[in-house]
Each structure stands twice: as C-alpha cells, then as structure tokens.
Ligand code: ATP
Ligand code: MG
C-alpha cells in the first residue's frame, strides 16, 4: 500500500527517537512491499525559533492531509519561561484539537526481562496487559477558566456525544482483546461523572459480549498498584486519564518504553512516545527509542490497518528487550542507534 506519513520530530530527544522510528518504518516498507512517503515538519520550540509559532500553518496543513502523524516530543528549558508569549506545548494541544483526536490510547505491558525495574514485585507483575483509553479533547482542560485575585475556577464540561464516541471506541477495542471494559469516574461526587456513568451503561447494552465494570477514580488509583493484572481496557475522562496513565507508566520501569496513539474520526491519527523531550539527555545519542518505535507499530495498526507489520515490530522489540542491547534508562549501556539496529535486524529475521 501507499501512505503519506508526516513526521514532527520537535525538541530535545524528539528528533533522535523519531529518526529511529522512521528507520523502522522504512525497513517494514521494504520488507512488506509498501510505499511510505515521509514529510518532515516543524512543531514546538524549534518551530517557535524558526517561525515564531509553535504550530506553523504549513505543519498543520501537512498533518491534515496525511494518513498518519508521527511526533517526537516538544518543549525544553530554552522555551520554558511561563511568561513567554508562546510555548511549545501550545503547539501540541492545538494539533490534537485541530485533528479532533479525542481518544488517547496507551497500551501498558511489563516485560519480564525488565521486572526488576518496576516498583511492583513478584506475582503482581505477571500478565499485565492494559489498554488505557483517555478522553483527550474535553473536560477541565478545555472548559471555561476564570481567575481573580482570590478565586479561580476550571469548568469541567462533557456532552453526551463526547462521552459516547470515546466509550464506543473503548468497547470496540475490547472486542479485539479480552472483552472487559473498566470505566473510571467519580460518580459519587461529580455531575459530569454521573452523566459519564449513565452514558457508559447505555452504550454497554450495544456490546452484550463485553463485560463492563465501574470503578471510582480514587479506588482505581489503588487497584492499579494492588491488582494491575485484572484489567483489560480502562476508559476514563481527560484529567483522570492523565493521572492514571502516568501512574501506570511507572509500572513499566521506564518512560522511554511506552507508546501512544491519539485517534479521532478523521483521517490522520497522531502517534508519539509518552515521554517528554528529556532535555537532560538530549543530543547524546542515548535516548531509548523503544517508545517511539512502538508508536510506529500503533501507527501501522490503527491508521494503516497493517496488523501483521505492527506485530512484526512489536515482536522485534520484545526480542531486543529479552536479549538486549538495552539503553541506559533500563540498566544497559547501548545508545539509541544500537537499539534501533537491533530492532531492524530482528524485523529482518521475523518470519
Ligand atoms: P514533559 O513535561 O514534556 O512531559 P517530563 O517532565 O515528563 O516531560 P521527560 O522529558 O519525559 O519529562 O523526562 C523525564 C525523565 O525521563 C528524564 O530524566 C529523562 O531523561 C527520562 N527519559 C524520558 N524519555 C526517555 C527516553 N526515551 N530514554 C531515556 N530516558 C528518558
Ligand atoms: Mg510529563
């Protein structure tokens, strides 16, 4: 197949890990006879330096017409003055809103070879395989905000339509997995959560083959640490999802390992590792490229429908995590390029 992929390497380690993911996609294209055209565009601090804007019009236009967008990371100390007129992170928020990517998917698995890095020990780490689906374009992040000298408010607002579309996506994804959805809310206190829960219950009736469970967010924060292997698909609103997915990421051992996909109903999905620009190690060639490489696998699966190819990348990563080489964040000495090359070799070997 032919596909157009826009890359937004961004700041810090973003360009290093994005280059590794692109190398992997090129190898997949050659091995499976696809034609991927890559177009690099600016976002974040590097875009502010070049154009004055964190998301230049040319970047947005390219993303809108692409089949998929692969992003590195944005931000860094150079642009972190809170009083600056524009900040790199605004480019990313604007891009998510413009692409209408309301469902943020974060798969979490804990590799047995890395179990010693996780704060959880023993049998609790076995068989963790959770897919978080976080609502990404509503709630307190986007509601009306007010601020005066002695009072501030953030409106948390959800419409039924906004809840329905992300919850439906979660149930659809559960059908391809273990058919278990856990919906997380705070329905004992919040009106938005009561609307969330009743909407989830109504949608669930369309999926009688999927088991539904509700959890309150405070209780879920605890259950993720005490019984993480009980969960399959976890769906929740924007703020709860932000917090729970960072908590979950800690279980994997390193931020550098985890991918994400942000999907809407439109054409282009947005794919990025969950880590930030890691300014402390930028430019040293030591960043772990696995989160970005697994994001490329999600791109193949969710935007291009190439499941076999996605699995080929995931198996290759699995093999490298099992046998090495390992980057510094997971206790090894390998650089970004060595890890990339090991993944490329494993893809070539994959029957
Ligand atoms: P942001 O504010 O952009 O979300 P952050 O404050 O969450 O960023 P990161 O930039 O993700 O932080 O970095 C947190 C720590 O994790 C840093 O010490 C960084 O070096 C490390 N880290 C992040 N990504 C990687 C990676 N790919 N490989 C190795 N270490 C990483
Ligand atoms: Mg962060």
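Here, each number is a calculation from the coordinates, and none is a lab measurement. Note that this is a predicted model, so its numbers are computed, not measured. Quick reminder, even Gly has a Cβ in these numbers, built from the backbone with ideal geometry, and neighbours come from all protein chains shown.
Counting only DSSP H runs of at least 4 residues, each contributing -39500 (n - 2.57), and dividing by the residue count of the chain, the helix-based mean residue ellipticity at 222 nm comes to -13000 deg cm²/dmol. Computed from label points 7 Å out along Cα-Cβ, the spacing between residue 267 and residue 65 is 0.8 nm. The peptide list 275-282, 198-205, 256-263, put in order of mean Cβ contacts within 10 Å with the highest first, becomes 256-263, 275-282, 198-205. Multiplying the residue separation of residue 280 and residue 315 by 0.36 nm and subtracting their alpha-carbon distance yields 9.6 nm. The stretch between residue 129 and residue 113, if pulled fully straight at 0.36 nm per residue, gains 4.2 nm over its current Cα-Cα span. Ordering 224-233, 284-293, 148-157 by mean Cβ neighbour count within 10 Å, with the highest value first, yields 284-293, 224-233, 148-157. Using a simple spin-label model with pseudo-atoms 7 Å out from Cα toward Cβ, residue 209 and residue 149 lie 6.3 nm apart.
Among 183, 118, 65, what is the fewest-to-most ranking by other Cβ atoms within 10 Å? Write down the numbers at each step before the final one.
Numbers: 183 28, 118 18, 65 12.
By the 10 Å Cβ count, ascending: 65, 118, 183.
Across all Cα pairs in the chain, the calculated P(r) in 20 Å bins from zero up to the longest distance comes to 30, 60, 10, 0 percent per bin.
Counting DSSP beta bridges with both partners in the chain, what percentage is antiparallel, nearest 5? Beta bridges within the chain, antiparallel portion: roughly 35 percent.
Tell me, what is the FRET efficiency for residue 341 and residue 222 to the nearest 0.05, using R0 = 41 angstrom and their Cβ-Cβ distance as r? Before the final figure, lay out each step's value.
Details: r = 41 Å, r/R0 = 1.01.
Efficiency for this residue pair is about 0.50.
Within the listed set 126, 78, 267, the residue fluctuating most in the Gaussian network model of the chain (springs between alpha-carbon atoms under 10 angstrom) is 78.
Each residue in 169, 106, 4 was given a count of other beta-carbon atoms within 10 angstrom of its own, and listing them fewest first yields 4, 169, 106. Estimated at 0.36 nm per residue, the fully extended path between residue 229 and residue 37 surpasses their Cα-Cα distance by 65.2 nm.
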